[in-house]
Amino acid sequence: MTVPRSVLFSPEHEEFRGTVRRFVDKEIRPNVEQWEEEEQFPRELFLRFGSLDLLGLQYPEAYGGTGAGILYEAVLFEELGRCGSGGVAAGIGAHVAIATPPIFHFGSEEQRRRWLKPAISGHLVAALGVTEPSGGSDIAHVESTARREGDTYILNGTKIFITNGVHADLVVVLARTTPEGGHHGLSLLVVEKNTPGFTVGRKLKKLGWRASDTAELVFQDCRVPVANRLGKENEGFQMVVANFQWERLWIAIMAVEEAQRSLELAMEYAANRVQFGKTLASMPVIRHKIADMALAVQQARHLTYHALWLHSQGVRCTKEVSMAKIAATEADVRVADQALQIHGGYGYMMEYPIQRAWRDARLGPIGAGTNEIMREIIAKELDL
Ligand SMILES: Cc1cc2nc3c(=O)[nH]c(=O)nc-3n(C[C@H](O)[C@H](O)[C@H](O)COP(=O)(O)OP(=O)(O)OC[C@H]3O[C@@H](n4cnc5c(N)ncnc54)[C@H](O)[C@@H]3O)c2cc1C
């Protein structure tokens, strides 16, 4: 009997997994090399995900979602984690996990119909713009300003490292609406493409996640209607923080599956590579290395599933999510590194997928709040 993945998932979840996996195997995996080379995937992919009802798993049917729930979305992230391109998983994931949630949770009915509906169908691509050149960890330090003039905000500033930034039809931007007040003076504004004063500064070249489009965005006297503000003025910081746990779980869930794939690549290589007249897989040092890699993946998976379960039950689990994010992303980095080592010189070559897994893994400890910040959160949660 096959050991079930987790008690978290029902037979219906596993059936859904099978559908997503077949789609990924047929329509994503074969194109990954080309999209990585081109440093972007086609925006039509959003439409394809939308047509398969994969962009609104947590959202109600009224907006085109399926209302399937958080565990189905977790399954989607797991399967994207296995697609062979961190960039594809990041682009789709950023749209689903970080850019649309503020619109759903804090947008008015009119705003949801205007932006969330087309985002769920894949006709509209969304991005979240929080990080600035002057800093990503210290969010309260946001320097972009949105000065109110009647029914308009005049937005000035620069956002950096924004996933989907080049192709986005809208960016949910965190900006300062009150000069004083630190994190109390920030608001969330939806800035639509073609708004005068909004330009893509440059598309950024990256170590990994190459198939995702990552941009610097510039706002120069950009006039944003007050009607485009999500929620109340000066409550933007709380709105961004509200989605942190899901954002970090997304990164953790993806990292566990990426690590699992690196483990499988290493096992396959070790089973076929012969040195000193025997396969690598028969050598004790390699066998133990692989056993340790499998252990690291399983430990990360259990911590991640525990946090996912707590979150799915509506339990406050800041500490558990932070731990899962550290465990999963650091396991991903370590396992990819060991897997590359097992490949020897071939692992260093571009035609071997492990080199990309190794490059893609490195973002995990940096994105969605660095692992240093995660450790600080854990220490605080421990009342240190
Ligand atoms: C490929 C990619 C995609 C991204 N996508 C998005 C996106 O879509 N939207 C978005 O808004 N942002 C995005 N980011 C930004 C990402 O969230 C930030 O890079 C991250 O939060 C870190 O911010 P920073 O780069 O300014 O580093 P810094 O905050 O300058 O940190 C530099 C180093 O100092 C450490 N450090 C900082 N403060 C402390 C402290 N108090 N204690 C201990 N150590 C500390 C950090 O851990 C880190 O190691 C993306 C980044 C990348 C690379």
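Remark: pairs (first residue in the stretch 1-21, open to solvent by less than 90 Å² (accessible area, probe 1.4 Å); second residue charged (D, E, K, R) and modelled with pLDDT of 95 or more; Cβ separation under 6 Å; 6+ apart in sequence or on different chains) = Val20/Glu79; Arg21/Glu79. Taking the conditions (1) within 16 Å of the ligand (Cβ to nearest atom); (2) hydrophobic (A, V, I, L, M, F, W, C); (3) closer than 29 Å to Ile162 by Cβ in turn, Ala379 satisfies each one other than (3).
Sort out for me the strands (runs of 3 or more DSSP E) sitting completely within the stretch 99-178 that have 1 or more residues that are away from the ligand (no atom under 13 Å from the Cβ) and over 29 Å from Gln58 (Cα atoms). Write out each step before concluding.
Numbers: elements: 126-129, 145-149, 152-163, 170-176.
Of the strands (runs of 3 or more DSSP E) lying wholly inside the stretch 99-178, those with at least 1 residues that are away from the ligand (no atom under 13 Å from the Cβ) and over 29 Å from Gln58 (Cα atoms) span 145-149, 152-163, 170-176.
Scanning the stretch 193-244 for residues that are of a type in the set (S, T, N, Q) and away from the ligand (no atom under 15 Å from the Cβ) yields Asn194, Thr195, Thr199, Gln220, Asn228, Asn234, Gln238. Looking across the stretch 174-194 at every residue that is surrounded by fewer than 19 Cβ atoms within 10 Å (Cβ to Cβ) and under 14 Å from Arg229 (Cβ atoms), the one that is nearest to the chain's Cα centre (by Cα) is identified as Glu192. Just one of the numbered conditions (1) part of a loop (DSSP other than H, G, I, E, B); (2) open to solvent by 70 Å² or more (accessible area, probe 1.4 Å); (3) closer than 23 Å to His123 by Cα is not true of Ala68: (2). Scan the stretch 245-267 and give yes if some residue there is surrounded by 15 or more Cβ atoms within 10 Å (Cβ to Cβ), polar (S, T, N, Q) and farther than 16 Å from Glu79 by Cα, otherwise no. Checked against the condition, which is being surrounded by 15 or more Cβ atoms within 10 Å (Cβ to Cβ), polar (S, T, N, Q) and farther than 16 Å from Glu79 by Cα, the stretch 245-267 yields at least one hit.
The values are calculated or read from the model by the stated rules, or taken from the named source; none is laboratory data. From a predicted model like this one, the values you see are computed outputs, not experimental measurements. Cβ sites come from the backbone with ideal geometry, for glycine too, and all protein chains shown count toward neighbours. Remember, those area values only see protein heavy atoms, side chains included, never the ligands or the DNA or RNA. Shrake-Rupley method; radii C 1.70, N 1.55, O 1.52, S 1.80 Å.
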